[in-house]
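Reading through the structure tokens given below for one structure.
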């Protein structure tokens, strides 16, 4: 914990990028009476904007500390995820997650808050009791509320709402888990509809980010498949994943979802690289190592990352400027990230299938004996 926290604070001292600049624009716009979405630099639910307002208010009293508060909160989110992994996988996996350089750089330098949305859902998984039938009890309400709050923070888990709903064995539970989080997400925008309805639509609902579609480009479907756009193919892929996972535990579904949502994504930006880290360590195999190595390298050299691939950074920066990985990064960018992630996912699925086959065979042998 001490090493991971220190690394995040040191990463923040290197500099900042466009996203942190957008946070400053959001708090400055508030003084002018503008909502976050009217700045055209904010594409999320209101939770993060409210936190930025809180940090700006407290830093105005203290005279400093706006960014430090962001890093502290995001570090706490990483600690929550590590605590979740500690509970389901043990101390070694939890420690490895907290020390992984991708999370360190995104939390400390980039200051994107995908991990906050992930932390909320992971807490919900711990508290849920993993029930799929019976009356709706407090644990169900808590999980549904945390999933809705996660969407309102950043809508990474939009399709996980479907995954959660189709696991339920009774109609009332399906309706509750399908509609509850979405209603929370929609309701969070209601206070802002009067002045910002059009801005919310264009910057949240209709926003598509970098439409680079790495996986789909690699398989020649960057333009979609006939009438099916890449976004539709992404939706179909995640829906299929949800049906395949509906018999698994909620925690296992969460781990697979975070890997799958990035693998199939129609748009990849640097901060998305951190989303599958909880899944990678929760499902750990050495097959995920290339993803971690490449994602770290990318965040070190990219202009929107630490940008250490520069003569001004001395010998270390110059050492990043050579080698086959550099050539791959320049030519293919995030296609390499997604390819490496996909390889790890395929190995995980094969390992899972093999384990279940061996288990079924052993069961048949025992029964015959």
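The values are calculated or read from the model by the stated rules, or taken from the named source; none is laboratory data. What you are looking at is a predicted structure, and each value in this text was computed from that prediction instead of being measured. All Cβ positions, even for glycine, are placed from backbone atoms using ideal geometry, and neighbour counts span all protein chains on display.
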* Asked: Can you name the residue in the range 248-286 that is closer than 19 Å to residue 79 by Cβ and free of Cβ contacts under 8 Å to residues at least 60 places away in the same chain and, of all such residues, is surrounded by the fewest Cβ atoms within 10 Å (Cβ to Cβ)?
  -> 279
* Got a sec? Which helices (runs of 4 or more DSSP H) wholly within the range 279-351 have at least 3 residues that are touching a helix residue (DSSP H, G or I) at 6+ places or on another chain (Cβ under 7 Å) and modelled with pLDDT of 85 or more? -> 289-301
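So which of 184, 200 ends up being part of a helix (DSSP H, G or I), within 30 Å of residue 87 (Cα to Cα) and in contact with a helix residue (DSSP H, G or I) (Cβ under 9 Å, 6 or more places away or on another chain)? Full working, then the answer.
Working: 200 fails: within 30 Å of residue 87 (Cα to Cα).
The unique qualifying residue is 184.
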* Name the residues in the range 211-229 that are assigned to a loop (DSSP other than H, G, I, E, B), within 20 Å of the chain's Cα centre (by Cα) and surrounded by 14 or more Cβ atoms within 10 Å (Cβ to Cβ), would you? -> 212, 213
* **the range 27-39 residues that are surrounded by fewer than 12 Cβ atoms within 10 Å (Cβ to Cβ), paired with ones that are in a helix (DSSP H, G or I) (beta carbon under 9 Å, 6 or more apart)** => 33/195
* Asked: Going by the structure shown, is residue 232 surrounded by 15 or more Cβ atoms within 10 Å (Cβ to Cβ) and assigned to a helix (DSSP H, G or I)?
  -> no
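Test of understanding: among 205, 174, 162, which residue is within 22 Å of the chain's Cα centre (by Cα) and surrounded by 13 or more Cβ atoms within 10 Å (Cβ to Cβ)?
Checking each option against the conditions leaves just 162.
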